[in-house]
Amino acid sequence: MATPPAPALDAGQFRQVLEKQQGQVVLVNFWATWCRACLKEIPALLDLERQYHDRGFRLVAVSLDEPGDYAGVVAPFLDKWFPELATYRRSTADMDALVSVLDPAWNELLPTSYVLDRAGTVRARIQGGKPADEFAAAIRPWLDQAVPTGRPTKP
């Protein structure tokens, strides 16, 4: 099974992706092919998405590999190891701008994941290649949260 193409995102496009997920509990995972801890946790994240999908859980994966490395590195890697991982990729050299949509104080550690509640509010940051049970514990409280109505207000 070939991996679907990964859309390239800048910060504005990433915001749009997240807005479309409102009403879902979302785990955003920033990863890269050169990050061993990232690669170890991806199978657990895919399992969680399958397990909790019917309860409104979504995985949004974003590759932070260099933008020019997609065709030669990222796509073949995904085809071989994680063909079921639907992922996005950064479109610019500035990966901080993309991650800063969720966390302006990001410390550039990979993997980094963020749990967003159904209103799109960041509720947890998980860094450094954690086990599945830590991710599950971070998302479970928000799965029973009521689906928000209307649009959130900006501060």
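The values are calculated or read from the model by the stated rules, or taken from the named source; none is laboratory data. Note that the coordinates shown come from a computational prediction; the quantities given were computed from them, not determined experimentally. Virtual Cβ from ideal backbone geometry, glycine too; neighbours counted across all protein chains shown.
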Ala75 vs (1) in contact (Cβ under 8 Å) with a residue 60 or more places away in the chain; (2) over 17 Å from Lys130 (Cβ atoms); (3) not in a helix (DSSP H, G or I): all pass except (3)
Pair list, Cβ < 7 Å and 6+ apart or interchain, from the stretch 136-154 residues that are farther than 24 Å from Gln16 by Cα to residues that are at pLDDT 95 or above and surrounded by 14 or more Cβ atoms within 10 Å (Cβ to Cβ): Ala136/Leu48
From the residues in the stretch 37-70 that are part of a helix (DSSP H, G or I) and of a type in the set (Lys, Arg), which one is nearest to Asp144 (Cα to Cα)? Arg55
Flag if Leu98 is in a helix (DSSP H, G or I), among the aliphatic types (A, V, I, L, M), within 14 Å of the chain's Cα centre (by Cα) and at pLDDT 90 or above: yes
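Every residue, every condition in (1) touching a Ser or Thr at 6+ places or on another chain (Cβ under 9 Å); (2) over 12 Å from Val28 (Cα atoms); (3) aromatic (Phe, Trp, Tyr), yes or no:
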site: Ala71; (1), (2), (3): no, yes, no
site: Asp79; (1), (2), (3): yes, yes, no
site: Asp117; (1), (2), (3): no, no, no
site: Gln127; (1), (2), (3): yes, no, no
site: Pro131; (1), (2), (3): no, yes, no
Please go through the stretch 37-64 and give me each residue that is of a type outside the set (A, V, I, L, M, F, W, C) and surrounded by 21 or more Cβ atoms within 10 Å (Cβ to Cβ), ordered by number. Glu41, Ser63
Looking for whichever is within 23 Å of Ala132 (Cα to Cα) and either touching a Phe, Trp or Tyr at 6+ places or on another chain (Cβ under 7 Å) or of a type in the set (Gly, Ala, Ser) (or both) here; the options are Ala11, Ala6, Ala37. Which one fits? Ala37
Residues that are more than 19 Å from Ser63 (Cα to Cα) and either in contact with a helix residue (DSSP H, G or I) (Cβ under 9 Å, 6 or more places away or on another chain) or crowded, with 20+ Cβ neighbours inside 10 Å (or both), drawn from the stretch 110-132: Asp117, Arg118, Gly120, Arg123, Ala124, Pro131, Ala132
Any idea how many residues of the stretch 16-36 are assigned to a helix (DSSP H, G or I) and exposed (fewer than 15 other Cβ atoms within 10 Å of the Cβ)? 4
Select from the stretch 57-72 the residues that are more than 15 Å from Pro111 (Cβ to Cβ), of a type outside the set (A, V, I, L, M, F, W, C) and touching a residue at least 40 places away in the same chain (Cβ under 8 Å) and list them in ascending order. Pro67, Tyr70
